[in-house]
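J.: Right, I'll just put the structure down here and ask away after.
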Amino acid sequence: MSKDTKSTYDDNIVKMFVYATMLWGTAAFLFGVIAALQMAIWQFNFDLEWLTFGRLRPLHTNAAIFAFAGNTIFAGIYYSTQRLTRIRMWSDTLSKIHFWGWQLIIVAAAITLPLGFSQGKEYAELEWPIDIAIAVIWVVFGVNFLMTLVKRREKHMYVALWFYIATFVTVAILHIFNSIVLPVSFLKSYPVYAGIQDALVQWWYGHNAVAFFLTTPFLGLMYYFIPKAVNRPVYSYRLSIIHFWALIFIYIWAGPHHLLNTALPDWLQTMGVVFSVMLWAPSWGGMINGLLTLRGSWHLLRTDPIVKFFVTAVTFYGMSTFEGPLLSIKSINSLAHYTDWIIGHVHAGALGWNGFMAFGLIYYLIPKLFDTKLYSRTLANAHFWLGTLGIIFYYSSMLAAGLTQGLMWRALDSNGQLVYPDFVETVTKIVPLYYIRIIGGTLYLVGFIIMIYNIIKTVKSSQGKVISVAIPEKAYFPNEKEGDGHRKLEGMAMTFTILATIAVVIGSVIELVPAMSMHKYVSMEKIVEPLTPLELAGRDIYIREGCYVCHSQMIRKMTSDVLRFGEPSTIEQSMYDHPFQWGSKRTGPDLARVGKKYPNMWHYEHMKNPRQVVQNSLMPNYSWLYKKDLDYYSLRKKLSALKRLGVPYTEQQVVNADVYAQSEADGVAESLVEAGVKVDIANKEILALIIYLQSLGQKGGD
């Protein structure tokens, strides 16, 4: 490669994404520690509307996934793509638009989520204007990346580029189809999908957001940076081919495993289980390929902190991709789902796999980009051990908490009755484990701060800049013949992209087409009534406050669920829910049939101070609901939008939505005054939330 070629690489964009990774990583981990504190000590919600767990948790997950991991991905892709194609990125302008556009999206999320503007769908909470911005910026990135491949000087595309291609294509498909909504106002919309349709589409998206945003791009980074770090070719070219095609084809089918034992049709649940278990093979194939690349270089594990981070990351990838299919087995899922075991599983992958890959990448890149040595290997090693210890504390505490929850929930005595009928008892039992999680998260954050200090000192010590020479691709696969099968495909970027798209579309179509015809599973005798205008207002408040992150609305067919919460939920009961509210965690009890279980006054006191009615509750206070006035006038637009989406509201209900809501609110307020409330609560938001909670399980569908 000529000197002139080397000088054309754009590494300023790489530096910018690295700096953004460190900035947003600090925010994501700090929010995580605060959220962990809130789970153990309710006072850490500070009785502030914009800082409750229900609003902070989506901010934490979005910051961790799209801000921290996202900027890591882009830093690694921009660096490695230029070296693997042996040219500068196609457009500096598009690179800069991508960077600043992505950061503005993160800022928009950081503002809107604490303010309660949320679609109420996990990992897809952001409202429609931000969703459009994400799609636009993602396309900007994709065009720049694909055009770089088209103009490349290296004929064959190395395996890392395959994973980048799959990432771009699949994330675009996932985001666009899951984000189709009908706007009501600038920051309010309703998904076009409802109930079981929305559940299936959401977890097709949610599962594969993990697969194609937190897995495939990081595997691409693994295939590039581990061989570079140890200066050895990847272990097996043929295994990388099998790993890639099997992974992207199988992964997309596994989304239904998030909905096991629910109202989802059994054949879809079975499909999710089968394909999840099949994922063991390609996932572990990738792990083996990554680890065995170190053959002959194992001594670096003792001496090189970069290698320590990379190898530990791949090990966590192997652990997570073993546990994921395990948790997808129906009998095990019945124990683990809705518990903290799932939280531990997710964080082992995020902190161990994604986090450690990011740290190794940053430690590798900064000295290269600034032509200097790492300021302190001792600090890097300290970071490694603090991070590792933090993950161990975090995962082990959540595994223990999840097993405790699951076993207590399903424990039956000799008479077939619940041993622990009081749900809060299953919460207080695991609080000590929440303290251990706080310690683990804090250790991880401290290690990250040490890394930031180390990187700042490294940059300050630099005197110049160097661009690394790309290893010619033949050095990676020295034993392969130029003309063999897959090698020809590697020379055709657009054909490769089309085939990768087909591979992920097949599973998506087979999974989602039935979702669009779920009406055939609806029994006409069980049709439910839609929410009244005030109940709808209450449901929007419920979503705004993030209640869905702690409460499910799906009673499974298991004996313990039925004994605790009532008859199993049916498809019909959520058929008009835009979005669905089946939930994925039970920090609090299921609410599918909570309606009329308690009087209005109980809910009034519970939302004001949960400990007045549930001793030892960890739920925050919601004092602002008693001060904020209801927005009656938006209800006409909301009902009109839902009517267009198929909810059977009459024209009279739409036109007079505010009048009906006012009348309903007056009735609730009157009942509360009769029960002893002495303050003026007319037209306050708490009235809508109460009537929504009282409607749950009361609309028919049995």
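The values are calculated or read from the model by the stated rules, or taken from the named source; none is laboratory data. Model, not experiment: these values are computed from the prediction. Cβ coordinates were reconstructed from backbone atoms using ideal geometry, including for glycine residues, and neighbour counts include every protein chain displayed.
J.: Do you know which residues across region 414-454 are part of a loop (DSSP other than H, G, I, E, B) and either among the aliphatic types (A, V, I, L, M) or touching a strand residue (DSSP E or B) at 6+ places or on another chain (Cβ under 9 Å) (or both)?
T.: V419, I430
J.: How many residues does region 629-646 contain that are out of contact with any helix residue (DSSP H, G or I) (no Cβ under 8 Å at 6 or more places or on another chain), within 18 Å of D577 (Cβ to Cβ) and modelled with pLDDT of 95 or more?
T.: 3
J.: Within region 172-189, which residues are under 20 Å from the mean Cα position of the chain (by Cα), in contact (Cβ under 8 Å) with a residue 40 or more places away in the chain and surrounded by fewer than 24 Cβ atoms within 10 Å (Cβ to Cβ)?
T.: I173, H175, I176, F177, S179, V181
J.: When you look at T85, is it hydroxyl-bearing (S, T, Y) and over 25 Å from I541 (Cα atoms), yes or no?
T.: Taking the combined requirement at face value, the residue satisfies it.
J.: Right, another one. Suppose the filter is surrounded by 22 or more Cβ atoms within 10 Å (Cβ to Cβ) and modelled with pLDDT of 90 or more; does E545 pass it?
T.: yes
J.: Could you say which residue among Y626, Y598, Y622, Y604 is touching a strand residue (DSSP E or B) at 6+ places or on another chain (Cβ under 6 Å) and at pLDDT 95 or above?
T.: Result of the check over Y626, Y598, Y622, Y604: Y626.
J.: Sticking with this one: Can you list the helices (runs of 4 or more DSSP H) found entirely within region 287-399 that contain at least 3 residues being at pLDDT 95 or above, out of contact with any His (no Cβ under 8 Å at 6 or more places or on another chain) and closer than 30 Å to P256 by Cα?
T.: 305-327, 330-336, 340-347, 356-369
J.: Another question, if that's okay. With region 1-118 as the region, which helices (runs of 4 or more DSSP H) entirely inside it contain at least 2 residues that are in contact with a helix residue (DSSP H, G or I) (Cβ under 7 Å, 6 or more places away or on another chain)?
T.: 12-40, 53-62, 70-85, 92-112
J.: Related question: Exactly one of (1) under 20 Å from I137 (Cα atoms); (2) in contact (Cβ under 8 Å) with a residue 40 or more places away in the chain; (3) not small (G, A, S) is unmet by Y19. Its number?
T.: Going through (1) under 20 Å from I137 (Cα atoms); (2) in contact (Cβ under 8 Å) with a residue 40 or more places away in the chain; (3) not small (G, A, S) one by one, Y19 breaks only (2).
One line per residue, one yes/no per condition, for (1) surrounded by fewer than 19 Cβ atoms within 10 Å (Cβ to Cβ); (2) in contact with a Leu (Cβ under 8 Å, 6 or more places away or on another chain); (3) touching a residue at least 24 places away in the same chain (Cβ under 8 Å):
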position	(1), (2), (3)
H345	no, yes, yes
A348	no, no, yes
N354	no, yes, yes
I366	no, yes, yes
K373	yes, no, yes
R377	yes, no, yes
Y395	no, no, yes
D413	yes, no, no
V424	yes, no, yes
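J.: Name, by its number, the condition in (1) farther than 30 Å from V424 by Cβ; (2) within 25 Å of the chain's Cα centre (by Cα); (3) of a type outside the set (S, T, Y) that does not hold for L645.
T.: Among (1) farther than 30 Å from V424 by Cβ; (2) within 25 Å of the chain's Cα centre (by Cα); (3) of a type outside the set (S, T, Y), L645 violates only (2).
J.: Is at least one residue of region 121-141 in contact with a Leu (Cβ under 7 Å, 6 or more places away or on another chain), surrounded by 21 or more Cβ atoms within 10 Å (Cβ to Cβ) and of a type outside the set (K, R)?
T.: Within region 121-141 (the criterion being in contact with a Leu (Cβ under 7 Å, 6 or more places away or on another chain), surrounded by 21 or more Cβ atoms within 10 Å (Cβ to Cβ) and of a type outside the set (K, R)), the answer is yes, since at least one residue qualifies.
J.: Moving to a separate point now. Among all residue pairs at least 6 apart or on different chains, which show Cβ distances below 6 Å where the first residue, located in region 218-244, is over 21 Å from K308 (Cβ atoms) and the second is of a type in the set (V, I, T)?
T.: S240/V159
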